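J.: Okay, here's the structure, questions in a sec.
The values are calculated or read from the model by the stated rules, or taken from the named source; none is laboratory data. Owing to the predicted nature of the structure, the values given are computational and were not obtained by experimental measurement. Glycine also receives a Cβ, built like all others from the backbone with ideal geometry; neighbour counts cover every protein chain displayed. The protein model used for the area step is the full one, side chains on, heavy atoms only, and it has no ligands, DNA or RNA in it. Shrake-Rupley method; radii C 1.70, N 1.55, O 1.52, S 1.80 Å.
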Amino acid sequence: MRSQCSIASATLRGVEALPVTVEVAVSNGMPGMAIVGMPDTAVQEARERVRAAISAAGFTMPTNKIVVNLAPADLRKTGSGLDLPIALGILAATGQVPASLAEGRLFAGELSLEGAVRPVRGLLAFGICAHGQGLALVTAPEGSAVPLRELPQYRLRSLDALHGSDPLEPCEPPAGIGGGDGAGFAPALDFKDVAGHEVAKRALQIAAAGNHGLLMMGPPGSGKTMLASRIGSILPPLTEDEMLEAAVVHSVVGEPMEGVLAGVRPFRRPHHSATIAGLVGGGNPVRPGEISLAHCGVLFLDEFAEFKPSVLQGLRQPMESGAVTLTRADGSVAFPARFMLIAATNPCACGYYGDDEEPCTCTVPQISAYQAKIGGPLMDRIDLQLDVRRLPPGSVLDSGTGTDSATLREGVLRAREFAAWRRAREGGGEGAQAGAGRRRAATRPCEVIASCGLDDAARGFIESMARAYALSGRALLSMLNVARTIADIEERQAVREDHIAEALGLRLRDGIGR
């Protein structure tokens, strides 16, 4: 006697859910259950969970030989989401539930020993996988509905519900991602709370308008963290495509994604003790790091120089490519990592090198060693570099009267809209939102130069500045990108000398830490 059944499911690989067919065969032979097809430990342990869940739900666990094949066989299967399809396959193969229940549906869920269906990480990724195959998604009732249009969704509370004639509960998906204005999730912080620091606010506006990296260096209490924590208040909402990209990463990691789906850009602030696996990604199975959780948003690294140098150097490649590829013995996994880097650091170990009031107690070698932790190649990739000095007491007492976020945000939106119009006019074919959050460094040098529309005077000026300050080719293009953003804020089609001068001034710090 031999009976079998196939159930559609999926397994997570990076930020994707890849299709898996759970093939269950029940036949005469030595009693037991074997799971084949490169299962990890969590999948292997499904044997005991499934056995207990089936018995607790009032079904009969077969005493025959059970073989569970997870196809394709050369793909590593991870996680506990295969519990439900394995159990359903056994019940369908033995005729205890109709096989038609599995037709046209993808199942993903963990089982408790009592038979209850529990949610799993990466529900949005499973939904995308099901939608791509034209299948409905069946998962636990605790999982929030996947915000994908035209994706039929069902909930199964427990295996015990399979005794009924209609065990699957339809779940009405949201109208779809998008349409959110961030209400309830938008940051309440406003730049008007920060007294003075108008140059720093201007630098943050430029960074937000052009998705540029920014480093702020200054003594403790100068306002670096206050400034950085308010960047979200001037960023435009996520586009629909960006919402989906960012939400998938959060779903796979198990982070809340309601704010992302409401249009609020991610703001990640890892501690300086973070490992390279925590920041860039890694582990077993491989999981996204903080740079991927900041995809389409902001990665704020406070106490920048306190991070381990090896961890910081791991940022170099993702900052340019907008993605990170991790290679392991069983293959490579790519994660999206298009983020805006905002970094803040003290100029030395004591923090007061270059301060006008507090004397520095560090020696010259100590200062050099502290700043060398960041590394020249990484510094070269940060478009904007700014010194932030402590404010006098009178300015601090004037808090609440500075430039507010609404004013700065108006300039950001204006710049992005003008840049989209300019690219379309130049033949780029991008819409009003497409490409706005793209890493500028990913643009080819010839495109950067052509977009600036430099006349002879501007070209001569930038050449002389590059020679005077020994700018590398990357630094030169970075400065041009910043100048292009400044011109976009002013809605100018051509980059002028004053735009280049401001871009250069925002790259060469005025004295602290130099």
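J.: Take the residues in region 249-265 that are within 21 Å of Ala10 (Cα to Cα) and open to solvent by 30 Å² or more (accessible area, probe 1.4 Å), then tell me which one is farthest from the chain's Cα centre (by Cα).
T.: Gly254
J.: Using beta carbons and a limit of 9 Å, which pairs, at least six apart or on different chains, have the first residue in region 238-265 and within 20 Å of Leu279 (Cβ to Cβ) and in a loop (DSSP other than H, G, I, E, B) and the second one acidic (Asp, Glu) and modelled with pLDDT of 90 or more?
T.: Arg265/Glu242
J.: Same structure again: How do the pairs read when you match residues in region 450-465 that are closer than 9 Å to Val495 by Cα with residues anywhere that are in a helix (DSSP H, G or I) and open to solvent by less than 50 Å² (accessible area, probe 1.4 Å), using Cβ under 6 Å and keeping only pairs 6 or more apart or on different chains?
T.: Close Cβ pairs (under 6 Å, with a partner that is in a helix (DSSP H, G or I) and open to solvent by less than 50 Å² (accessible area, probe 1.4 Å)) amount to Ser451/Arg484; Cys452/Leu480; Cys452/Arg484.
J.: Then there is this: Output the residue which, of all residues in region 381-406 that are exposed (fewer than 14 other Cβ atoms within 10 Å of the Cβ) and touching a helix residue (DSSP H, G or I) at 6+ places or on another chain (Cβ under 8 Å), is modelled with the highest pLDDT.
T.: Within region 381-406, the first condition is being exposed (fewer than 14 other Cβ atoms within 10 Å of the Cβ), and the residues that meet it are 392-394, 397-398, 400-401, 406.
Keeping just the survivors that are touching a helix residue (DSSP H, G or I) at 6+ places or on another chain (Cβ under 8 Å) gives 400-401.
Numbers: Gly400: 62, Thr401: 67.
Here the answer is Thr401.
J.: Right, another one. Taking the residues in region 466-483 that are outside any helix (DSSP H, G or I) and without any contact (Cβ under 8 Å) to a residue 12 or more places away in the chain as candidates, determine which candidate is nearest to Val495 (Cα to Cα).
T.: Of everything passing the filter in region 466-483, Leu471 is nearest to Val495 (Cα to Cα).
J.: Is region 104-113 home to any residue that is more than 21 Å from Ala42 (Cα to Cα) and out of contact with any Gly (no Cβ under 7 Å at 6 or more places or on another chain)? Walk me through how you get there before you give the answer.
T.: In the first step, residues of region 104-113 are kept if they are more than 21 Å from Ala42 (Cα to Cα); the result is 104-105.
Subsequent filtering for residues that are out of contact with any Gly (no Cβ under 7 Å at 6 or more places or on another chain) retains 104-105.
For region 104-113, residues more than 21 Å from Ala42 (Cα to Cα) and out of contact with any Gly (no Cβ under 7 Å at 6 or more places or on another chain): present.
J.: Tell me, which helices (runs of 4 or more DSSP H) wholly within region 25-143 include 2 or more residues that are within 30 Å of Val260 (Cα to Cα) and either out of contact with any Phe, Trp or Tyr (no Cβ under 7 Å at 6 or more places or on another chain) or at pLDDT below 95 (or both)? Step through it out loud before you land on a result.
T.: Working: elements: 41-44, 46-56, 83-93, 123-133.
Because the criterion is at least 2 residues that are within 30 Å of Val260 (Cα to Cα) and either out of contact with any Phe, Trp or Tyr (no Cβ under 7 Å at 6 or more places or on another chain) or at pLDDT below 95 (or both), the helices (runs of 4 or more DSSP H) in region 25-143 that meet it are 123-133.
Per-residue answers, yes or no, for (1) closer than 26 Å to Ala369 by Cβ; (2) part of a strand (DSSP E or B); (3) open to solvent by 10 Å² or more (accessible area, probe 1.4 Å):
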| site | (1), (2), (3) |
| --- | --- |
| Ser292 | no, no, no |
| His295 | no, no, no |
| Ser310 | yes, no, yes |
| Glu320 | no, no, yes |
| Thr327 | no, yes, yes |
| Phe335 | no, yes, no |
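J.: Name the single residue that is farthest from Pro318 (Cα to Cα) among those in region 340-369 being in contact with a helix residue (DSSP H, G or I) (Cβ under 6 Å, 6 or more places away or on another chain) and in contact (Cβ under 8 Å) with a residue 40 or more places away in the chain.
T.: First, the residues of region 340-369 that are in contact with a helix residue (DSSP H, G or I) (Cβ under 6 Å, 6 or more places away or on another chain): 342-345, 348-349, 353.
Remaining after also requiring in contact (Cβ under 8 Å) with a residue 40 or more places away in the chain: 342-345, 348, 353.
On the way: Ile342: 15, Ala343: 16, Ala344: 19, Thr345: 21, Cys348: 27, Tyr353: 31 Å.
Checked region 340-369; the qualifying residue farthest from Pro318 (Cα to Cα) is Tyr353.
J.: Given the condition under 21 Å from Arg13 (Cα atoms) and surrounded by fewer than 20 Cβ atoms within 10 Å (Cβ to Cβ), answer yes or no: does some residue in region 48-60 qualify?
T.: Scanning region 48-60, I find no residue that is under 21 Å from Arg13 (Cα atoms) and surrounded by fewer than 20 Cβ atoms within 10 Å (Cβ to Cβ), so the answer is no.
J.: Quick one: Ile382 ticks every box in (1) more than 27 Å from Ala246 (Cβ to Cβ); (2) in a loop (DSSP other than H, G, I, E, B); (3) not acidic (Asp, Glu) bar one, so which box is it?
T.: (1)
J.: Could you check Arg121 against (1) over 20 Å from Pro19 (Cα atoms); (2) open to solvent by 30 Å² or more (accessible area, probe 1.4 Å) and say which number it fails?
T.: Tallying (1) over 20 Å from Pro19 (Cα atoms); (2) open to solvent by 30 Å² or more (accessible area, probe 1.4 Å), Arg121 fails exactly one: (1).
J.: Please work out if Arg507 is open to solvent by less than 50 Å² (accessible area, probe 1.4 Å), among the charged types (D, E, K, R) and in a loop (DSSP other than H, G, I, E, B).
T.: yes
J.: Hey, among the residues in region 97-115 that are without any contact (Cβ under 8 Å) to a residue 60 or more places away in the chain and touching a Leu at 6+ places or on another chain (Cβ under 9 Å), which one's most open to solvent (accessible area, probe 1.4 Å)? It would help to see each step written out before you state the result.
T.: Going through region 97-115, the residues without any contact (Cβ under 8 Å) to a residue 60 or more places away in the chain turn out to be 98, 100, 103-104, 109.
Retained after the next criterion (residues that are touching a Leu at 6+ places or on another chain (Cβ under 9 Å)): 104, 109.
On the way: Gly104: 46, Gly109: 0 Å².
For region 97-115, the residue satisfying everything is Gly104.
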